[in-house]
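**Q** Sending over a structure as structure tokens; questions will come in a sec.
Every read-out reported here was derived from the displayed coordinates using simple, explicitly stated rules and does not represent laboratory data. Keep in mind that what you see is a predicted model, and the values were worked out from it rather than measured. Cβ sites come from the backbone with ideal geometry, for glycine too, and all protein chains shown count toward neighbours.
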Amino acid sequence: MGPGIIDVFKEYYPIFLKGAVGTLKFAAIAVGLGSILGTLIGFIHLSKNKVVSGAAGLYSTIIRGTPLLVQMYIAYYFIPMAIPALSFLSKEQCVMMSLILNSSAYVSEIIRGGIASVDIGQTEAARSLGMSAGHTMTRIVLPQALKAILPSLGNEYVSMIKETSLAGSFAMYELTFTKTLLANKYLIWQPLFIIAAIYLVMTVVLSGLIRIFERRLSAGDKH
Amino acid sequence: MTNTDSEVLIKVVDLHKSFGDLDVLKGVNTEIHKGEVVSLMGPSGGGKSTFLRCLNLLEKPEKGSVFFEGEDITKIKKQKDLDKIRQKIGMVFQQFNVFPHLTALENITITMTLEKKIPQAEADKIAMDLLEKVGIPDKAGEYPGKLSGGQKQRLAIVRAMAMEPDVMLFDEPTSALDPEMVKEVLTVIKQLADSGMTCVIVTHEMGFIKEVSDRILFIDEGIILEQGTPDEIFNNPKSDRVKDFLGKVLY
């Protein structure tokens, strides 16, 4: 069996911590840039132009309907080969890109859903008062949509923390990859539980923060 | 009291509107005069609300024209110009549609400050005066979630009034209210009508229609089937359809 879990953690905790930091970094970049791209795609999806809107919908359907691991393989092996213009991307950037694109598809649905959740009557009332389309969106619809959007974005971040474990399959330094590093030292099973525990701590803490945030949001809820 | 001799505020010519295969309006023609109170009566699905929503182009008619103060607003291309027109056409909705994330006062002032560039302090004062008029000045700082249905609807009415409209459109303003709140809202509408505001009202409150209207349009199957004064419609309806309708709704 070898040494116990606690002994392994005591001896190698810097490796695990570095992995955890890598995981948080991957997740933050993926959700951060994914949110910007996803917001754009979400708004495009809401466009009245059926072709443009359909394209955005197709994008999110394809990305959300296929496994992230497969998308990563495509980004890692196929894209640099098929598109020479993108060959300047490092392997890490390729994996990062697939995480960002993946996140953007989920975020676009969150944005679209959040905006669609605001009663159409709100828009009609604002427009009937003579408020411009732009002000109606920024001052009436978006502030109400944010209530639905922000907690979902938080949940997306929690999911993404777990999803980034797939990046370890491409030798990216994140939490799951530490098992590969320690396998060299004949530590096979102990790291798995340590890794799982750290993921659990991260997701539980983050979910807790989101819940606090959500409560604040609904404390300010004036409905 | 009839105001049919006064200047024409809204003129509707051959208005058609359909949703998919469903033809909701099939050629509506009428004129609404300044200061006139016009009520729309008729069965549900007959086109009353759609007609009302065409007057400020919340629905875009497929065919026909809506002249507002002489201008055919269906021909307006620039969104900004249409926004300006809509400021002069107040609308009150069945579901109130007050802004839940803004206080009562902000509900009134937001469009004034954003679109009419009225300074905040001045807008606040106008808004307070309006809240005073409808009896809820103490609710100025409250969010709509804390207001009753009747208070929300009164807020929605003065929110529209704050834009100084030339006409007010009411789309079943009391249909979503608890019964004991209907009167407070109708009272406000009555006061508006008495003050000379041009009003177009869709409602099922027959007693109110009878009392407040200068003219009633009976709309069914997308056309104005019959029109006249309350006395003519209620006491001497010409068509069997109107007789039948009144026979069913009046107890």
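**Q** Compute the Rg/Rh shape ratio of the protein assembly as shown: radius of gyration over Kirkwood radius, all on alpha-carbon atoms. List each step's numbers first, then the result.
**A** On the way: Rg = 30.3 Å, Rh = 26.4 Å.
Reported Rg/Rh, Kirkwood definition of Rh: 1.15.
**Q** So, one more: Would you mind telling me which residue in B:Ile219, B:Ile157, B:Ile110 has the biggest mean-square fluctuation in a Gaussian network model of chain B, where springs connect alpha carbons within a distance under 10 angstrom?
**A** B:Ile110
**Q** Cross-chain or 8 or more residues apart, Cα under 19 Å: how many lysine pairs in segment A:5-222 fit that? Count them up, please.
**A** Lysine pairs meeting the criterion: 11.
**Q** Can you give the calculated 222 nm mean residue ellipticity of chain B, where each DSSP H run of n ≥ 4 adds -39,500 (n - 2.57) and the sum is split over every residue, rounded to the nearest 500 deg cm²/dmol? Intermediate values should be presented prior to the final figure.
**A** On the way: 9 runs with 92 residues, N = 251.
For chain B, the value works out to -11000 deg cm²/dmol.
**Q** Choose one of A:Leu46, A:Ala116, A:Ile74: the residue whose Cα lies farthest towards the positive end of the charge dipole of segment A:18-129 (beta-carbon charges +1 Lys, Arg; -1 Asp, Glu; about the Cα centre).
**A** A:Ile74
**Q** Would you mind ranking A:Tyr13, B:Tyr251, A:Tyr76 so that the residue whose beta carbon has the fewest other beta carbons within 10 Å leads the list?
**A** Values: A:Tyr13 13, B:Tyr251 4, A:Tyr76 19.
Fewest-to-most ranking of A:Tyr13, B:Tyr251, A:Tyr76: B:Tyr251, A:Tyr13, A:Tyr76.
**Q** Say a site is exposed when it is one of the GluC sites (Glu not before Pro), sits in a DSSP loop, and has at most 16 other Cβ atoms within 10 Å; what is then the longest site-free stretch of chain B? Walk me through the intermediate numbers first.
**A** Values: sites that count: B:Glu7, B:Glu62, B:Glu69, B:Glu142, B:Glu221.
The longest such stretch corresponds to B:143-220.
**Q** Taking the Cα centre of the protein assembly as shown as the origin and placing charges on Cβ (Lys, Arg +1; Asp, Glu -1), which of A:Val141, A:Asn184, B:Leu58 is farthest toward the positive end of the dipole?
**A** A:Asn184
**Q** Please compute, for peptide B:153-165, the average count of beta-carbon atoms on other protein chains lying within 10 Å of each residue's beta-carbon. Intermediate results must be reported in sequence, preceding the final value.
**A** Working: counts 0, 0, 0, 1, 0, 0, 3, 4, 0, 1, 4, 0, 3.
Averaged over the peptide's residues, the number is 1.
**Q** Just counting partner chain Cβ atoms within 10 Å, what average do the residues of peptide B:91-101 show around their Cβ? Each step should come with its number before you reach the end.
**A** Working: counts 5, 2, 4, 1, 5, 2, 9, 3, 9, 10, 12.
Across B:91-101, the average partner-chain Cβ count within 10 Å equals 6.
**Q** Something else: Considering every Cα-Cα pair within segment A:73-223, what fraction, in whole percent, is farther apart than 24 Å? Walk me through the intermediate numbers first.
**A** Working: 6211 of 11325 pairs.
Of all Cα-Cα pairs in segment A:73-223, 55 percent lie more than 24 Å apart.
**Q** In debye, nearest 20: dipole of segment A:5-222 around its Cα centre with unit charges on the Cβ of K, R (+) and D, E (-)? Provide the component values of the computation, followed by the final result.
**A** On the way: 18 positive and 11 negative charges, 53 e Å.
In total the dipole reaches around 260 debye.
**Q** Ranked from highest to lowest mean number of other Cβ atoms within 10 Å per residue, what is the order of the peptides A:20-31, A:47-58?
**A** Values: A:20-31: 20.8, A:47-58: 12.2.
My ranking of the peptides, most packed first, is A:20-31, A:47-58.
**Q** Within 10 Å of each Cβ in peptide A:114-120, how many partner chain Cβ atoms are there on average? Round it to a whole number, please. Provide the component values of the computation, followed by the final result.
**A** Working: counts 0, 0, 0, 0, 1, 3, 1.
Mean shielding count: 1.
**Q** Further question on the same structure: Just report the Cα centroid separation between segment B:138-203 and segment B:9-33, whole Å.
**A** If you average the Cα positions of each part, the centres end up 25 Å apart.
**Q** Still on this structure: Ordered by residue, what ³J(HN,Hα) values in Hz, to whole numbers, does segment B:95-101 give under the Karplus form 6.51 cos²θ - 1.76 cosθ + 1.60, where θ = phi - 60° and Gly and Pro are x?
**A** With coefficients 6.51, -1.76 and 1.60, one gets 8, 6, 6, 6, 8, x, 8 Hz.
**Q** On to the next question. Bins of 5 Å, beginning at zero and ending with the bin holding the largest distance: percent of Cα pairs per bin for chain B, please.
**A** 1, 6, 13, 17, 19, 17, 13, 8, 4, 1, 0, 0
**Q** What list of ³J(HN,Hα) values in whole Hz, one per residue of segment B:36-44 in order, does the Karplus curve 6.51 cos²θ - 1.76 cosθ + 1.60 (θ = phi - 60°) give from phi, with Gly and Pro shown as x?
**A** 7, 10, 10, 10, 9, 10, x, x, 4
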